[in-house]
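Notes follow once the structure below has been shown.
The values are calculated or read from the model by the stated rules, or taken from the named source; none is laboratory data. All values reported here derive from a predicted model rather than from experimental measurement. Quick reminder, even Gly has a Cβ in these numbers, built from the backbone with ideal geometry, and neighbours come from all protein chains shown. These accessible areas exclude ligands, DNA and RNA; they are computed on the full protein's heavy atoms, side chains included. Shrake-Rupley method; radii C 1.70, N 1.55, O 1.52, S 1.80 Å.
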Amino acid sequence: MNAPSPPHDPTLTALVIDNIDRAIIALDRQGRVTLFNPAAENYLGLSARHALGRPCQELFAGQEAVLYLVRTALAEGRSITDDESVVLQRPKNEPLPVSIYAAPIFSRRGEQDGAVLILRDLSRVRELEDTLRRTDQLAMLTTLAAGLAHEIKNPLGGIKGAAQLLAMELAKDSPLQEYTRVMIKETERVNGIIEELMDLGKPRPAVMGEVDLTKILGDIVLLQREAARGQQIDFVLTLDPSIPPVQGNENLLTRLFLNLIKNAREALGQSGRVEIETKISAEYHMSTPGSRPSPLVLIRIRDTGCGIPPQDLERIFTPYYTTKTGGSGLGLAICQKIVEDHRGFLKLASSPGTGTEISVWLPLR
(Lines give C-alpha, C1' and ligand atoms only; values in the text may rest on other atoms or scores of the structure.)
Protein backbone atom coordinates (compact mmCIF):
# COMPACT_ATOMS: atom_id res chain seq x y z
CA MET A 1 0.00 0.00 0.00
CA ASN A 2 1.48 3.36 -1.06
CA ALA A 3 2.15 5.95 1.61
CA PRO A 4 0.04 9.12 1.27
CA SER A 5 1.77 12.12 -0.29
CA PRO A 6 2.82 14.78 2.22
CA PRO A 7 0.60 17.84 2.23
CA HIS A 8 1.70 20.72 0.02
CA ASP A 9 3.23 23.58 1.99
CA PRO A 10 2.72 26.86 0.10
CA THR A 11 4.88 28.71 2.63
CA LEU A 12 7.86 26.46 1.84
CA THR A 13 7.31 26.92 -1.90
CA ALA A 14 7.28 30.69 -1.50
CA LEU A 15 10.49 30.57 0.54
CA VAL A 16 12.23 28.48 -2.12
CA ILE A 17 11.14 30.85 -4.89
CA ASP A 18 12.26 33.88 -2.89
CA ASN A 19 15.70 32.43 -2.06
CA ILE A 20 16.67 30.70 -5.29
CA ASP A 21 19.42 32.45 -7.27
CA ARG A 22 17.57 32.18 -10.59
CA ALA A 23 15.00 34.66 -11.80
CA ILE A 24 11.46 33.25 -11.86
CA ILE A 25 8.77 35.20 -13.69
CA ALA A 26 5.22 33.83 -13.97
CA LEU A 27 2.74 35.12 -16.57
CA ASP A 28 -1.00 34.72 -16.93
CA ARG A 29 -2.67 33.67 -20.20
CA GLN A 30 -2.55 37.27 -21.47
CA GLY A 31 1.19 37.51 -20.77
CA ARG A 32 0.89 39.77 -17.73
CA VAL A 33 3.36 39.29 -14.87
CA THR A 34 1.88 37.50 -11.86
CA LEU A 35 5.07 36.53 -10.01
CA PHE A 36 8.44 38.28 -9.91
CA ASN A 37 10.92 36.85 -7.40
CA PRO A 38 13.86 38.75 -5.79
CA ALA A 39 16.37 37.26 -8.25
CA ALA A 40 14.24 38.62 -11.12
CA GLU A 41 14.39 42.05 -9.49
CA ASN A 42 18.17 41.81 -9.42
CA TYR A 43 18.47 40.50 -13.00
CA LEU A 44 16.23 43.14 -14.57
CA GLY A 45 16.93 46.02 -12.20
CA LEU A 46 13.19 46.40 -11.54
CA SER A 47 11.17 46.00 -8.35
CA ALA A 48 8.33 43.47 -8.13
CA ARG A 49 5.93 46.34 -7.37
CA HIS A 50 6.69 47.88 -10.77
CA ALA A 51 6.73 44.56 -12.63
CA LEU A 52 3.55 42.84 -11.37
CA GLY A 53 0.59 43.26 -13.69
CA ARG A 54 2.62 44.59 -16.59
CA PRO A 55 2.53 42.84 -19.99
CA CYS A 56 5.71 40.97 -20.79
CA GLN A 57 5.90 42.95 -24.06
CA GLU A 58 6.63 46.03 -21.94
CA LEU A 59 8.97 44.22 -19.59
CA PHE A 60 11.09 42.88 -22.46
CA ALA A 61 10.45 45.61 -25.03
CA GLY A 62 12.77 45.27 -28.01
CA GLN A 63 14.10 41.89 -26.84
CA GLU A 64 12.70 39.61 -29.50
CA ALA A 65 14.60 36.51 -28.36
CA VAL A 66 12.81 36.61 -24.97
CA LEU A 67 9.40 37.42 -26.45
CA TYR A 68 9.70 34.51 -28.89
CA LEU A 69 10.16 32.11 -25.97
CA VAL A 70 7.15 33.63 -24.20
CA ARG A 71 4.94 33.35 -27.30
CA THR A 72 5.95 29.75 -27.85
CA ALA A 73 5.12 28.75 -24.26
CA LEU A 74 1.80 30.64 -24.21
CA ALA A 75 0.50 30.01 -27.74
CA GLU A 76 1.79 26.50 -28.38
CA GLY A 77 1.76 25.16 -24.82
CA ARG A 78 5.24 23.67 -25.01
CA SER A 79 8.52 24.16 -23.19
CA ILE A 80 11.45 25.84 -24.92
CA THR A 81 15.00 26.74 -23.89
CA ASP A 82 17.63 29.16 -25.15
CA ASP A 83 21.05 28.65 -23.56
CA GLU A 84 23.16 30.73 -25.92
CA SER A 85 21.77 33.82 -27.59
CA VAL A 86 19.85 35.82 -24.97
CA VAL A 87 21.42 38.99 -23.59
CA LEU A 88 19.13 41.01 -21.33
CA GLN A 89 19.25 44.72 -22.11
CA ARG A 90 18.94 46.59 -18.83
CA PRO A 91 18.52 50.39 -18.80
CA LYS A 92 20.41 50.96 -15.54
CA ASN A 93 23.01 48.17 -15.77
CA GLU A 94 25.31 46.41 -18.19
CA PRO A 95 23.71 43.82 -20.53
CA LEU A 96 23.44 40.42 -18.86
CA PRO A 97 23.91 37.10 -20.72
CA VAL A 98 21.33 34.58 -19.53
CA SER A 99 19.87 31.21 -20.36
CA ILE A 100 16.05 31.11 -20.36
CA TYR A 101 13.69 28.19 -19.88
CA ALA A 102 10.07 28.97 -20.77
CA ALA A 103 7.29 26.51 -19.99
CA PRO A 104 3.48 26.53 -19.88
CA ILE A 105 1.69 26.44 -16.52
CA PHE A 106 -1.23 24.00 -16.31
CA SER A 107 -3.97 23.91 -13.67
CA ARG A 108 -4.95 20.71 -11.88
CA ARG A 109 -7.72 20.30 -14.47
CA GLY A 110 -5.14 20.33 -17.27
CA GLU A 111 -6.02 23.79 -18.56
CA GLN A 112 -3.23 26.20 -19.44
CA ASP A 113 -3.15 29.09 -16.97
CA GLY A 114 -0.08 30.92 -18.27
CA ALA A 115 3.67 30.42 -18.51
CA VAL A 116 6.79 30.62 -16.39
CA LEU A 117 10.24 31.95 -17.30
CA ILE A 118 13.32 30.76 -15.43
CA LEU A 119 16.46 32.81 -16.10
CA ARG A 120 20.01 31.82 -15.17
CA ASP A 121 22.87 34.33 -15.03
CA LEU A 122 25.62 33.23 -17.44
CA SER A 123 28.03 36.11 -16.84
CA ARG A 124 30.31 34.03 -14.57
CA VAL A 125 30.23 31.16 -17.06
CA ARG A 126 31.22 33.53 -19.88
CA GLU A 127 34.08 34.89 -17.78
CA LEU A 128 35.40 31.38 -17.14
CA GLU A 129 35.01 30.52 -20.84
CA ASP A 130 37.03 33.62 -21.75
CA THR A 131 39.72 32.58 -19.27
CA LEU A 132 39.91 29.07 -20.76
CA ARG A 133 40.04 30.51 -24.28
CA ARG A 134 42.94 32.76 -23.34
CA THR A 135 44.67 29.82 -21.66
CA ASP A 136 44.44 27.68 -24.80
CA GLN A 137 45.66 30.54 -26.98
CA LEU A 138 48.52 31.27 -24.61
CA ALA A 139 49.56 27.59 -24.49
CA MET A 140 49.77 27.41 -28.28
CA LEU A 141 51.69 30.68 -28.65
CA THR A 142 53.98 29.77 -25.77
CA THR A 143 55.08 26.51 -27.40
CA LEU A 144 55.82 28.29 -30.67
CA ALA A 145 57.55 31.24 -29.03
CA ALA A 146 59.79 29.10 -26.82
CA GLY A 147 61.01 27.15 -29.86
CA LEU A 148 61.75 30.35 -31.78
CA ALA A 149 63.53 31.86 -28.78
CA HIS A 150 66.02 28.97 -28.63
CA GLU A 151 66.73 29.29 -32.35
CA ILE A 152 67.35 33.04 -32.14
CA LYS A 153 69.34 33.18 -28.91
CA ASN A 154 72.55 31.54 -30.18
CA PRO A 155 73.09 33.66 -33.33
CA LEU A 156 72.12 36.75 -31.35
CA GLY A 157 74.97 36.05 -28.94
CA GLY A 158 77.33 35.82 -31.90
CA ILE A 159 76.13 39.19 -33.25
CA LYS A 160 76.65 40.85 -29.89
CA GLY A 161 80.13 39.32 -29.48
CA ALA A 162 81.15 40.47 -32.96
CA ALA A 163 79.91 44.01 -32.23
CA GLN A 164 81.90 44.09 -28.97
CA LEU A 165 85.07 42.92 -30.73
CA LEU A 166 84.56 45.53 -33.44
CA ALA A 167 84.19 48.25 -30.80
CA MET A 168 87.50 47.15 -29.25
CA GLU A 169 89.25 47.35 -32.62
CA LEU A 170 87.95 50.81 -33.45
CA ALA A 171 89.59 53.99 -32.23
CA LYS A 172 87.88 55.57 -29.24
CA ASP A 173 86.99 58.67 -31.23
CA SER A 174 85.85 56.78 -34.33
CA PRO A 175 82.38 57.82 -35.55
CA LEU A 176 81.69 54.11 -36.05
CA GLN A 177 81.72 53.59 -32.25
CA GLU A 178 78.15 54.95 -32.14
CA TYR A 179 77.02 52.21 -34.54
CA THR A 180 78.59 49.43 -32.45
CA ARG A 181 77.01 50.92 -29.30
CA VAL A 182 73.56 50.84 -30.93
CA MET A 183 74.14 47.25 -32.17
CA ILE A 184 75.07 46.05 -28.68
CA LYS A 185 72.17 47.89 -27.07
CA GLU A 186 69.65 46.45 -29.55
CA THR A 187 70.96 42.88 -29.20
CA GLU A 188 70.59 43.23 -25.42
CA ARG A 189 67.03 44.50 -25.88
CA VAL A 190 66.14 41.57 -28.16
CA ASN A 191 67.82 39.17 -25.74
CA GLY A 192 65.61 40.54 -22.95
CA ILE A 193 62.52 39.79 -25.02
CA ILE A 194 63.82 36.27 -25.72
CA GLU A 195 64.42 35.67 -22.01
CA GLU A 196 60.80 36.67 -21.32
CA LEU A 197 59.61 34.33 -24.07
CA MET A 198 61.62 31.43 -22.66
CA ASP A 199 60.29 32.24 -19.20
CA LEU A 200 56.77 32.18 -20.64
CA GLY A 201 57.32 28.77 -22.18
CA LYS A 202 59.28 26.86 -19.56
CA PRO A 203 57.49 25.07 -16.69
CA ARG A 204 57.29 27.01 -13.46
CA PRO A 205 59.31 25.71 -10.50
CA ALA A 206 57.17 23.65 -8.16
CA VAL A 207 58.64 25.37 -5.08
CA MET A 208 55.58 26.51 -3.19
CA GLY A 209 55.26 27.85 0.29
CA GLU A 210 53.24 30.19 2.44
CA VAL A 211 53.13 33.69 0.95
CA ASP A 212 51.97 36.76 2.89
CA LEU A 213 50.10 38.83 0.30
CA THR A 214 49.77 41.81 2.65
CA LYS A 215 53.55 42.06 3.01
CA ILE A 216 54.19 41.61 -0.72
CA LEU A 217 51.68 44.28 -1.72
CA GLY A 218 52.91 46.68 0.95
CA ASP A 219 56.53 46.33 -0.24
CA ILE A 220 55.55 46.84 -3.87
CA VAL A 221 53.53 49.97 -3.10
CA LEU A 222 56.46 51.34 -1.09
CA LEU A 223 58.68 51.07 -4.21
CA GLN A 224 56.01 52.43 -6.54
CA ARG A 225 55.47 55.46 -4.30
CA GLU A 226 59.17 56.18 -4.65
CA ALA A 227 58.99 55.71 -8.43
CA ALA A 228 56.09 58.20 -8.55
CA ARG A 229 57.89 60.87 -6.53
CA GLY A 230 57.19 64.27 -8.05
CA GLN A 231 53.87 63.11 -9.46
CA GLN A 232 50.41 63.60 -7.95
CA ILE A 233 49.64 59.88 -7.59
CA ASP A 234 47.90 58.42 -4.53
CA PHE A 235 48.19 54.76 -3.59
CA VAL A 236 45.26 53.57 -1.48
CA LEU A 237 45.59 50.17 0.22
CA THR A 238 42.59 48.37 1.69
CA LEU A 239 44.15 45.10 2.80
CA ASP A 240 42.33 42.58 4.99
CA PRO A 241 44.86 41.68 7.73
CA SER A 242 42.88 38.56 8.68
CA ILE A 243 43.63 36.81 5.37
CA PRO A 244 46.04 33.94 6.08
CA PRO A 245 49.06 33.25 3.85
CA VAL A 246 48.30 31.64 0.48
CA GLN A 247 50.15 28.70 -1.03
CA GLY A 248 52.38 30.00 -3.79
CA ASN A 249 55.80 30.96 -5.10
CA GLU A 250 56.78 34.25 -3.51
CA ASN A 251 59.06 35.39 -6.35
CA LEU A 252 56.42 34.74 -9.01
CA LEU A 253 53.61 36.39 -7.05
CA THR A 254 55.84 39.41 -6.40
CA ARG A 255 56.53 39.64 -10.14
CA LEU A 256 52.80 39.33 -10.88
CA PHE A 257 51.64 42.13 -8.59
CA LEU A 258 54.64 44.37 -9.33
CA ASN A 259 53.73 44.20 -13.03
CA LEU A 260 50.03 44.92 -12.42
CA ILE A 261 50.59 47.79 -9.96
CA LYS A 262 53.33 49.29 -12.14
CA ASN A 263 50.97 49.16 -15.14
CA ALA A 264 48.30 50.94 -13.08
CA ARG A 265 50.76 53.67 -12.07
CA GLU A 266 52.00 54.18 -15.61
CA ALA A 267 48.42 54.47 -16.90
CA LEU A 268 47.88 57.58 -14.76
CA GLY A 269 50.42 59.90 -16.31
CA GLN A 270 51.20 62.68 -13.83
CA SER A 271 48.21 62.37 -11.49
CA GLY A 272 45.52 59.97 -10.33
CA ARG A 273 44.85 57.17 -7.86
CA VAL A 274 45.73 53.48 -7.61
CA GLU A 275 43.60 51.38 -5.25
CA ILE A 276 44.72 47.94 -4.05
CA GLU A 277 42.21 45.80 -2.15
CA THR A 278 42.30 42.27 -0.73
CA LYS A 279 39.43 40.26 0.69
CA ILE A 280 37.98 36.76 0.83
CA SER A 281 35.85 36.28 -2.28
CA ALA A 282 32.15 35.61 -1.79
CA GLU A 283 31.68 34.69 -5.46
CA TYR A 284 33.94 31.68 -6.01
CA HIS A 285 35.36 28.63 -4.26
CA MET A 286 38.01 26.18 -5.47
CA SER A 287 36.74 22.60 -5.46
CA THR A 288 39.04 19.58 -5.77
CA PRO A 289 37.98 15.91 -5.57
CA GLY A 290 38.20 14.44 -2.10
CA SER A 291 38.60 17.72 -0.24
CA ARG A 292 36.47 20.56 1.04
CA PRO A 293 35.98 23.63 -1.16
CA SER A 294 38.76 26.15 -0.62
CA PRO A 295 37.99 29.87 -0.28
CA LEU A 296 39.55 32.20 -2.83
CA VAL A 297 41.36 35.43 -2.04
CA LEU A 298 40.44 38.36 -4.27
CA ILE A 299 43.15 40.93 -5.03
CA ARG A 300 41.70 43.91 -6.89
CA ILE A 301 43.79 46.71 -8.44
CA ARG A 302 42.01 49.80 -9.78
CA ASP A 303 43.36 52.91 -11.42
CA THR A 304 41.77 56.19 -12.51
CA GLY A 305 43.74 56.33 -15.76
CA CYS A 306 42.63 56.71 -19.35
CA GLY A 307 41.20 53.19 -19.63
CA ILE A 308 41.51 50.72 -22.50
CA PRO A 309 39.39 50.91 -25.69
CA PRO A 310 37.16 47.85 -26.34
CA GLN A 311 39.11 46.86 -29.48
CA ASP A 312 42.34 46.70 -27.45
CA LEU A 313 40.70 44.98 -24.48
CA GLU A 314 39.94 41.87 -26.56
CA ARG A 315 43.64 41.36 -27.36
CA ILE A 316 45.26 42.68 -24.21
CA PHE A 317 46.52 39.23 -23.04
CA THR A 318 47.84 38.21 -26.46
CA PRO A 319 51.66 37.92 -26.46
CA TYR A 320 53.39 40.76 -28.35
CA TYR A 321 50.26 42.93 -28.32
CA THR A 322 50.91 46.18 -26.48
CA THR A 323 49.46 49.68 -26.30
CA LYS A 324 52.52 51.11 -24.49
CA THR A 325 55.40 52.78 -26.29
CA GLY A 326 58.46 50.58 -25.90
CA GLY A 327 56.49 47.69 -24.37
CA SER A 328 57.26 44.10 -25.35
CA GLY A 329 53.64 42.96 -25.15
CA LEU A 330 54.58 40.03 -22.89
CA GLY A 331 53.89 41.46 -19.43
CA LEU A 332 50.20 40.58 -19.14
CA ALA A 333 50.69 37.23 -20.88
CA ILE A 334 53.28 36.34 -18.24
CA CYS A 335 50.93 37.58 -15.49
CA GLN A 336 48.19 35.34 -16.88
CA LYS A 337 50.55 32.36 -16.80
CA ILE A 338 51.64 33.02 -13.22
CA VAL A 339 48.00 33.18 -12.08
CA GLU A 340 47.18 29.92 -13.90
CA ASP A 341 50.23 28.21 -12.38
CA HIS A 342 48.78 29.09 -8.98
CA ARG A 343 45.38 27.57 -9.92
CA GLY A 344 43.77 31.00 -9.94
CA PHE A 345 42.18 33.18 -12.57
CA LEU A 346 42.31 36.80 -13.65
CA LYS A 347 39.75 39.27 -14.96
CA LEU A 348 40.30 42.69 -16.51
CA ALA A 349 37.60 45.35 -16.93
CA SER A 350 38.16 48.79 -18.41
CA SER A 351 36.34 51.70 -20.01
CA PRO A 352 37.93 54.65 -21.81
CA GLY A 353 37.97 57.67 -19.54
CA THR A 354 37.12 55.81 -16.32
CA GLY A 355 40.16 53.63 -15.67
CA THR A 356 40.98 49.95 -15.41
CA GLU A 357 40.27 47.27 -12.83
CA ILE A 358 42.16 43.97 -12.63
CA SER A 359 40.91 41.23 -10.31
CA VAL A 360 43.01 38.19 -9.37
CA TRP A 361 41.54 35.21 -7.54
CA LEU A 362 43.96 32.82 -5.76
CA PRO A 363 43.08 29.74 -3.67
CA LEU A 364 44.03 29.85 -0.02
CA ARG A 365 45.26 26.26 -0.07
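Observations on the model:
- Of the criteria (1) open to solvent by 40 Å² or more (accessible area, probe 1.4 Å); (2) touching a helix residue (DSSP H, G or I) at 6+ places or on another chain (Cβ under 6 Å); (3) modelled with pLDDT under 85, which one G201 fails: (1)
- Conditions (1) modelled with pLDDT of 80 or more; (2) outside any strand (DSSP E or B); (3) of a type outside the set (F, W, Y): number failed by I316: (1)
A quick yes/no check of all residues on (1) modelled with pLDDT of 85 or more; (2) small (G, A, S):
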{"site": "D121", "(1), (2)": "yes, no"}
{"site": "Q137", "(1), (2)": "no, no"}
{"site": "A162", "(1), (2)": "yes, yes"}
{"site": "Y179", "(1), (2)": "no, no"}
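- Selected residue (criterion: farthest from H342 (Cα to Cα)) from residues of the range 244-261 that are open to solvent by less than 60 Å² (accessible area, probe 1.4 Å) and hydrophobic (A, V, I, L, M, F, W, C): I261
- Figure legend. Inter-residue proximity from the range 175-192: first residues in contact (Cβ under 8 Å) with a residue 12 or more places away in the chain and at negative phi, second residues among the basic types (K, R) and in a helix (DSSP H, G or I), beta-carbon distance below 7 Å, spacing 6+ or different chains. Indicated pairs: I184/K160; T187/K160.
- The lone exception for L252 - which of (1) modelled with pLDDT under 90; (2) within 30 Å of G353 (Cβ to Cβ) it fails: (2)
- Output for the range 353-365, where each listed residue is hydroxyl-bearing (S, T, Y) and modelled with pLDDT of 90 or more: T356, S359
- Residue identified as part of a helix (DSSP H, G or I) and among the small types (G, A, S) among G218, G272, G230: G218
- Tally of residues being within 25 Å of I334 (Cβ to Cβ) and either out of contact with any strand residue (DSSP E or B) (no Cβ under 9 Å at 6 or more places or on another chain) or at pLDDT below 90 (or both) across the range 225-246: 4
- Whichever residue in the range 319-352 is basic (K, R) and part of a loop (DSSP other than H, G, I, E, B) and, among such residues, is modelled with the lowest pLDDT: K324
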